[in-house]
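Read the structure below first, then the notes.
The values are calculated or read from the model by the stated rules, or taken from the named source; none is laboratory data. Just so you know, these numbers come straight off a predicted model, no measurement behind them. Methodologically, a virtual Cβ is constructed for each residue, glycine included, from the backbone with ideal geometry; neighbour enumeration extends over all protein chains shown. Calculation scope for accessible area: heavy atoms of the full protein, side chains included, ligands and nucleic acids excluded. Shrake-Rupley method; radii C 1.70, N 1.55, O 1.52, S 1.80 Å.
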Amino acid sequence: MIKLEMIKINKSFFGVQVLHNVSLKVKKGTVHALIGENGAGKSTLMNVLGGVHQPDSGVIKIDGKETGTLNVNASEKLGVAFVHQEINLFNDLKVYENIFINKEITKFGCINAKKMIEMSNNLFKQLGVDIDANELVANLSTGKKQLLEISKALFANADLFILDEPTTALSNEEINHFFNIINNLKKQGKTFIFISHKMPEIFKLCDEYTVLRNGYYISSGKISDTTPEQVTKDIVGPGYENVDFYKPRKLGDVVLEFAHYNGPGFHDINLKIRRGEIVGFTGLQGAGSSELMQTMFGVNHSNGGDVIALGKTITNDSIKNVMRHKVGMVPSNRKENSVFESLSILDNTSVASNNVEKNPFFSPGKETKLYQIYKKQLNIKALSCNDLLVSLSGGNQQKVIIGRWLKTNADILLLDNPTQGIDVGAKAEIYKLLLELANQGKTIIFNTLEVPEIMKCADRCCVFYHGTIEKILKHDEITEEKVMLYATNANKTEVEANV
């Protein structure tokens, strides 16, 4: 049985057509992957289904019946729930308040908080989600916030769920648990549209797929009848090559040193990194690599040891002073930590450099010229630098943020999950860029859970386990199996087994 059919959907914004006769057919009780590069039209198509945008033409059928004109409320009444890539929660409200917002339960005209807390906790118990309904959302980790978004959609008792990059902020354990939830709900007849750039997830979870490119329908079929390589070719188009960008090169002197460095989430870090070197940090979620980068940059306070950058101790310096010592950082969780939603693309690009330049006065003409350079270098797809940053796709937002830190002329770049929400084509551009910057003498640390990223461009890989560096691997030693061995401490078990 067909749950959803979208037929020849067209949509334009300001005279620019972004969807061209796009069709999508999703079977009931399946997980259907909607795949494509950033800007391919996936989110626009789903926003049409969710009632956020009105199509210029085309037909939508749910359970075989035409829906007519949809708005957000009408879409929800038809059983459509949208879990967006960017977390949309109210941090200053409690968990249960977020779940019941605009759906509050009352008793004798008063809010029945006790009943809502009870129902929320029952839902979390059924799903096996470790969240307290009475907790303030601001106190939740990013991973738990994403699980709350998913739980919120499930609470609406929808039949058709749109999941837009739902696993971006989840640990491997949380992802496996989430997939179990989806598979159980699928058995109950629930239907899912799964938007992701992660091929292993798509091929593990999904039944069927549809590929969009530049606003056009490209291909569709059963996951069991295709391969990741074929799907990637469909996503990128002619000229796709799955290449290893890494090339050995001569490195300079040591420019960054951690000496018995301790802080929240990590301890006894000893590491020297050379000019022009790219070092990948990895490990299980919460292993300490992200916390180390944040503390070095001045977000958190260290409690022992030192970090020395370009010959100067920056231990417990403020963020502004760390920036003045030519260190820049692209943090994880773009929406909460990087994006200024009310500012233009140009202003978002310039906001960091204004803190380190000797002449802090803003020159629109000069800034626009510099933006055009980074726009070309990073292949940012934007109509005007005066548009709001949030008008861009997630991948293009991330490129702007990387450009922000390049503009500060930082010699040391800390990139925490830099390809979050970025498609395979844009990822390749980022890998090439990192190597170009390294060849120019920039020193780069990037933190990622995706080992193939490290294999493509890192000189070394630091594997974290329980807050410290368990193993440092040279480029030719890096494999997914070996990294996982040290990330889970299974190497100790192997050694013990061989004794």
The summed charge of the residue 411 Cβ neighbourhood (under 13 Å; Lys/Arg +1, Asp/Glu -1) stands at +4
Evaluate the relative contact order of segment 344-453 (contact order divided by residue number), counting alpha-carbon pairs under 8 angstrom at least 6 apart; express in whole percent.
29 percent
Report the percentage of all Cα-Cα pairs in segment 241-387 whose separation exceeds 19 Å, rounded to a whole percent.
64 percent
Segment 62-124: chymotrypsin sites (Phe, Trp or Tyr not before Pro) in DSSP coil with no more than 12 other Cβ atoms inside 10 Å
90, 108
What lysines sit close enough to residue 366 to cross-link, taking a C-alpha to C-alpha distance under 25 Å and skipping anything fewer than 8 places away on the same chain?
320, 326, 358, 375, 376, 381, 399, 407, 442
Just check segment 316-474 against the gyration tensor rule for me: Cα atoms, a ≥ b ≥ c as the square roots of the eigenvalues, rounded for a/c under 1.5, and otherwise prolate or oblate depending on whether a/b exceeds b/c.
prolate
Using only alpha-carbon positions, what ratio does the radius of gyration of the chain give when scaled by 2.2 N^0.38 Å?
1.01
Determine, for each peptide in 316-329, 249-262, the mean count of other beta carbons within 10 angstrom over its residues, then list the peptides with the highest first.
316-329, 249-262
The ³J(HN,Hα) series, computed from each phi in segment 470-483 with the Karplus coefficients 6.51, -1.76 and 1.60 at θ = phi - 60°, rounded to the nearest Hz and given as x for glycine or proline, is 7, 7, 10, 10, 6, 3, 6, 9, 7, 9, 4, 5, 5, 4
Charge dipole magnitude, Cβ of K and R +1, D and E -1 - the chain, Cα centre, debye nearest 20
940 debye
Protection proxy ranking of 296-306, 410-420, 449-459 - average other beta-carbon atoms within 10 Å, highest first
410-420, 449-459, 296-306
Just how far, in whole angstrom, is segment 434-461 from segment 327-351 if you go by their alpha carbon centroids?
21 Å
Under a 1.4 Å probe, what is the accessible area of segment 424-469 per residue, stated in Å²?
30 Å²
What are the aspartates and glutamates whose alpha-carbon lies under 12 Å from the alpha-carbon of residue 8, with same-chain residues fewer than 8 places away excluded?
56
State the extension gain, in nm to one decimal, for the chain segment bounded by residue 110 and residue 222, taking 0.36 nm per residue of separation less the distance between their alpha-carbons.
35.2 nm
Lysine pair count for segment 48-125 [Cα-Cα under 30 Å; pairs on different chains or 8 or more apart]
22
Would you mind working out the accessible area per residue for segment 260-397, using a 1.4 Å probe, and quoting it in Å²?
47 Å²
Which percent of the accessible heavy-atom area of segment 1-134 goes to carbon and sulfur, probe 1.4 angstrom?
50 percent
Any chance you could check the Cα centroid distance between segment 49-127 and segment 229-305 for me, in angstrom?
38 Å
Which sequence of 371, 246 reflects their accessible areas, 1.4 Å probe, from the largest down?
246, 371
Amide proton proximity set for residue 78, modelled H, under 5 Å, gap of 5+
none
Burial-style ranking of 471-484, 282-295, average other-beta-carbon count within 10 Å with highest first, yields 282-295, 471-484
Using the Kirkwood radius over C-alpha pairs as Rh, can you work out the diffusion coefficient of segment 250-311 via Stokes-Einstein at 25 °C, viscosity 0.890 mPa s, in µm² per second?
202 µm²/s
For segment 72-213, the Kirkwood Rh over every pair of distinct alpha carbons, in Å, works out to 15.9 Å
Contact order relative to length of the chain, as percent, for alpha carbon pairs under 8 angstrom and 6 or more apart
15 percent
Prolate/oblate/rounded label for segment 106-147 (Cα gyration tensor, a/c 1.5)
oblate
Within segment 92-150, report the GluC sites (Glu not before Pro) that DSSP leaves as loop and that have at most 16 other Cβ atoms within 10 Å.
104, 135
Go through segment 250-263 residue by residue and turn each phi into a ³J(HN,Hα) via Karplus (6.51, -1.76, 1.60, θ = phi - 60°); whole Hz please, and just put x for glycine and proline.
6, 9, x, 6, 5, 10, 9, 9, 10, 10, 6, 7, 10, x
Mean projected area (nm²) of the alpha-carbon convex hull when segment 130-200 is viewed from all directions:
5.1 nm²
As a percent rounded to 5, the proportion of antiparallel DSSP bridges among beta bridges in the chain is 55 percent
Across the Cα atoms of segment 1-152, what radius of gyration and what greatest pairwise Cα-Cα distance (Dmax) are found, in Å?
18.2, 52
GluC sites (Glu not before Pro) within segment 175-246: DSSP coil, no more than 12 neighbouring Cβ in 10 Å:
241
Show log10 I(q)/I(0) for segment 161-283 at q = 0.21 Å⁻¹, two decimals, from a solvent-free Debye sum over equal Cα scatterers.
-1.22
